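Read the figures in this text as sums done on the coordinates, not as results from a lab. Fair warning: this is a prediction, and the values are worked out from it, not measured in the lab. Here the Cβ is made from the backbone with ideal geometry for all residues, glycine too, and neighbour counts use every protein chain on show.
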Amino acid sequence: MNTAGNGQPWRGPKSSQRLAHVLAQPILSGEVREGDRLPNEQEMMALYGAGRPTVREALRLLETRGLIVLKTGPGGGPIVRRPPKDSLSEGLSLVLQVEGASFADVTDARIALEPMIARRAAERITDEQLAQLDDSVRRLRDHPGDHAVFVAENQRFHTLIAEAAQSVVLDVFVRTLQTIADGVRVGVQYSARKQAAIATAHAAIVDALRDRDPERAERAMRDHLAEAERYWRHRYPELMTRPVQWTY
């Protein structure tokens with residue numbers, strides 16, 4: 001009888017899930033790296049003693065988890081990839097929509113989480129990261145009213161601080177919450193004057209980080225996010241009660 005390599009046959013409703021876990025192990029351990037090609041369907045069927053439907057479903061599961069890309073044509077097949085840190089956002093958005101969470105619920109989570117991250121960043125940030133934050137603030141100030149620059153630099157700024165906190169878990173969650181609670185994504189517009197005010201708020205946070213002052217960094221980030229929430233409530237009152245949506 002064909003088995004899963006642990007004495008269990010490749011049959012039953014969870015056989016594809018079990019095979020997916022087996023295939024994922026060398027990816028997660030680093031034994032195979034991003035860009036490497038896994039065996040094709042035929043090879044997997046022979047290697048693991050699994051039927052074609054089981055192999056295909058296992059590969060589909062890995063693809064939905066972001067661990068592989070299925071490419072067609074010569075040289076194609078399952079190609080290993082590294083899931084981006086913000087890949088959690090779609091799954092979390094779906095759960096939050098089912099649970100009836102609102103945009104306000106997500107912004108409240110950011111206000112609770114990001115000041116703490118700024119505090120940790122003040123204790124751990126490098127000179128190189130400070131230089132990148134300075135560059136981000138400078139680009140905001142050099143391109144007043146430029147929507148594309150603002151969106152990119154605002155995202156970059158908060159991502160850099162999350163990285164500076166040197167916590168993979170916090171970094172992933174902050175990126176995820178930023179993606180879901182992105183006012184621009186749901187239609188918020190910022191005037192050149194408002195963008196300049198945000199650049200000033202960013203600069204205050206950077207100054208606290210440069211001084212390695214955890215309390216001031218935490219306070220500056222909380223003030224910045226609270227001001228953003230006040231702006232959204234004033235200019236877009238319907239936004240805060242809007243349910244989180246998996247797709248827009």
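What the table shows:
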quantity: Karplus (6.51, -1.76, 1.60) ³J(HN,Hα), θ = phi - 60°, over segment 104-118, in Hz, Gly and Pro reported as x; calculated: 5, 4, 6, 5, 4, 5, 5, 5, 6, 8, 5, x, 5, 5, 4
quantity: Nearest 10 degrees, 0 to 90: helix 15-28 Cα axis against the chain principal axis; calculated: 60 degrees
quantity: Loop-located GluC sites (Glu not before Pro) in segment 106-203 whose Cβ has at most 16 other Cβ within 10 Å (DSSP); calculated: none
quantity: Spacing of the two label points (7 Å from each Cα toward its C-beta) at Glu43 and Arg156, in nm; calculated: 4.0 nm
quantity: In range of the label at Asp146: residues from segment 120-138 whose backbone nitrogen is under 18 Å from the point 7 Å along Cα→Cβ; calculated: 132-138
quantity: Chain lengthening between Arg124 and Arg81 when straightened (0.36 nm per residue, less Cα-Cα); calculated: 12.5 nm
quantity: Spin-label model distance (nm) - Asp134 vs Ala112, 7 Å beyond Cα toward Cβ; calculated: 3.6 nm
quantity: Label-to-label distance, nm, for residues given as Arg56 and Thr72 (7 Å Cα→Cβ offset); calculated: 1.3 nm
quantity: Cα-based helix-to-principal-axis angle, 192-210 vs the chain, degrees rounded to 10; calculated: 80 degrees
quantity: Interchain or long-range residues, amide H under 5 Å from Gly77's placed H; calculated: Lys71, Thr72
quantity: Rounded to whole Hz, the Karplus (6.51, -1.76, 1.60) HN-Hα couplings of segment 166-179, x for glycine and proline; calculated: 6, 10, 4, 5, 5, 4, 4, 5, 5, 4, 5, 5, 4, 5
quantity: Principal-axis tilt of helix 127-142 within the chain, Cα atoms, nearest 10 degrees; calculated: 60 degrees
quantity: For the chain: rounded, prolate or oblate by the Cα gyration tensor [a/c cutoff 1.5]; calculated: prolate
quantity: Length added when fully stretched, Arg210-Glu238, from 0.36 nm per residue minus Cα-Cα; calculated: 6.3 nm
